[in-house]
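Comments concern the structure below.
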Amino acid sequence: MSFIGYSLENPTTESQFLFRELGIVWRVSTSSDLIEVVKNQIVLGKRTLIICSNIQLYEELLGACPENTITLVVLGDESYSQKVLRSVQRHKSICSILRQYGLRSAKTLTVARETIGLLSDSFPKRFNPLQIFKLFLIGLKSKRQIKKWQRLPKRIMILPLGYTNKFSESFLTFARSIFEVSEAPNSSLLQYCMIGKAHRHNSYSFHGNSGQLQRQVLLDKYRGLQDSDIQESNDRWNGFDDSPLSGFTYVESMAHSIFTLCPPGYTNADTFRYYEALICGSQPVEVDFTLSQMGSADFRPDNQSEVGVCPRLKLIMSGIERVRDFLNEELTLEI
């Protein structure tokens, strides 16, 4: 079953994941046309699925729609923006929400223990303790916002972050060039998984930006190993420009590595790299806790050190099934 997700914006970097794994077809619309869609959906006894990454573009639309007629997909809210939260709180047209980035905040004891651990790991390296304090302040802000999200009187479902459009393109190019793979236009990449299909001559892989402190600390532990492929860029690299760290080499490196380092992003524990590594058949290596979020990512096993690639993929696919069930339920109006 597929779902039409209406948006005032052009498809974002994860639109292929939404389509291939969740069956959400991104349809660009104008505000006036979308109000008519909502009215027609009400006649059919259905809610309208709206996808947004810039909530400010939707203020007028959400204010004009009748109460409880919208299921909203919120993309890219890595730092739990106050603007997004206020908008969701204000508009009664929003009945339910699907959002990326989880709402699992850490207990105070966990925050203290992990802060001490990060201090220990970063000493006596080049890291300034003030960087840890800065992450701590960012994390406190994120934790406060997470608690506000948890108190919202609306149904919320967390979306797996998934993979980027460019990864999808690069992965399929790599798979075709190496293994002569053919695939349907809408086939799932999570179900494909490259376990046992490539020679893994590297222990560890990482292609990307060195980023914030927790990322740097993790990379420092593996940098310089002879059988690892760790390449960093100091630019705002997304892995898919014309630089030597290209999309193809990004995929190729993970497909040829036993492990892939998946440090946190600028704020959040969840990263595209985690899901992309699994598709390439490489075991992700993550930190247990992200200080800048003061929480942990969803769709992860309880004991990460003892769980391989296949069980992790099954856990994600189970989560995707729950999302699809949520959509089936929420897009039907209670008459």
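The values are calculated or read from the model by the stated rules, or taken from the named source; none is laboratory data. Remember, it's a predicted structure, so these values are computed and weren't measured experimentally. Here the Cβ positions follow ideal geometry from the backbone for every residue, glycine too, while neighbour counts run over all protein chains shown.
Checked against (1) free of Cβ contacts under 8 Å to residues at least 60 places away in the same chain; (2) crowded, with 20+ Cβ neighbours inside 10 Å, Pro311 meets all criteria but (2). Whether any residue in segment 253-273 is modelled with pLDDT under 85 and under 22 Å from Ser318 (Cβ atoms) is what I want to check. The answer is no; no qualifying residue exists.
Does Leu72 qualify as being in contact with a Ser or Thr (Cβ under 9 Å, 6 or more places away or on another chain), within 25 Å of Arg104 (Cβ to Cβ) and either without any contact (Cβ under 8 Å) to a residue 24 or more places away in the chain or surrounded by 21 or more Cβ atoms within 10 Å (Cβ to Cβ) (or both)?
Values: in contact with a Ser or Thr (Cβ under 9 Å, 6 or more places away or on another chain): yes; within 25 Å of Arg104 (Cβ to Cβ): yes; either without any contact (Cβ under 8 Å) to a residue 24 or more places away in the chain or surrounded by 21 or more Cβ atoms within 10 Å (Cβ to Cβ) (or both): yes.
Answer is yes for this residue.
Annotation: of all residues in segment 199-244 being modelled with pLDDT of 80 or more and among the small types (Gly, Ala, Ser), the one that is surrounded by the fewest Cβ atoms within 10 Å (Cβ to Cβ) is Ser203. Annotation: of all residues in segment 167-198 being outside any loop (DSSP other than H, G, I, E, B), of a type outside the set (Ser, Thr, Tyr) and crowded, with 19+ Cβ neighbours inside 10 Å, the one that is modelled with the lowest pLDDT is Ala175.
Within segment 111-122, does at least one residue satisfy the condition of being touching a Lys or Arg at 6+ places or on another chain (Cβ under 9 Å) and either surrounded by 16 or more Cβ atoms within 10 Å (Cβ to Cβ) or part of a helix (DSSP H, G or I) (or both)? First the steps, then the outcome.
At the first step, the residues of segment 111-122 found to be touching a Lys or Arg at 6+ places or on another chain (Cβ under 9 Å) are 111, 121.
Okay, now just the ones that are also either surrounded by 16 or more Cβ atoms within 10 Å (Cβ to Cβ) or part of a helix (DSSP H, G or I) (or both), so 111, 121.
Within segment 111-122, one or more residues are touching a Lys or Arg at 6+ places or on another chain (Cβ under 9 Å) and either surrounded by 16 or more Cβ atoms within 10 Å (Cβ to Cβ) or part of a helix (DSSP H, G or I) (or both).
Whenever a residue of segment 141-155 is closer than 17 Å to His91 by Cα, it has no partner that is polar (S, T, N, Q) and loosely packed, with under 13 Cβ neighbours inside 10 Å lying with C-beta atoms less than 6 angstrom away and at least six residues away or across chains.
Pick out the one residue from Arg273, Arg324, Arg300 that is buried (at least 19 other Cβ atoms within 10 Å of the Cβ), touching a Leu at 6+ places or on another chain (Cβ under 9 Å) and either hydroxyl-bearing (Ser, Thr, Tyr) or not in a loop (DSSP other than H, G, I, E, B) (or both).
Working: Arg324 fails: buried (at least 19 other Cβ atoms within 10 Å of the Cβ); Arg300 fails: either hydroxyl-bearing (Ser, Thr, Tyr) or not in a loop (DSSP other than H, G, I, E, B) (or both).
Matching residue, one of Arg273, Arg324, Arg300: Arg273.
The test for being exposed (fewer than 13 other Cβ atoms within 10 Å of the Cβ), assigned to a helix (DSSP H, G or I) and outside the structural domain of Tyr58 (by TED's automatic domain parsing) does not hold for Ile132.
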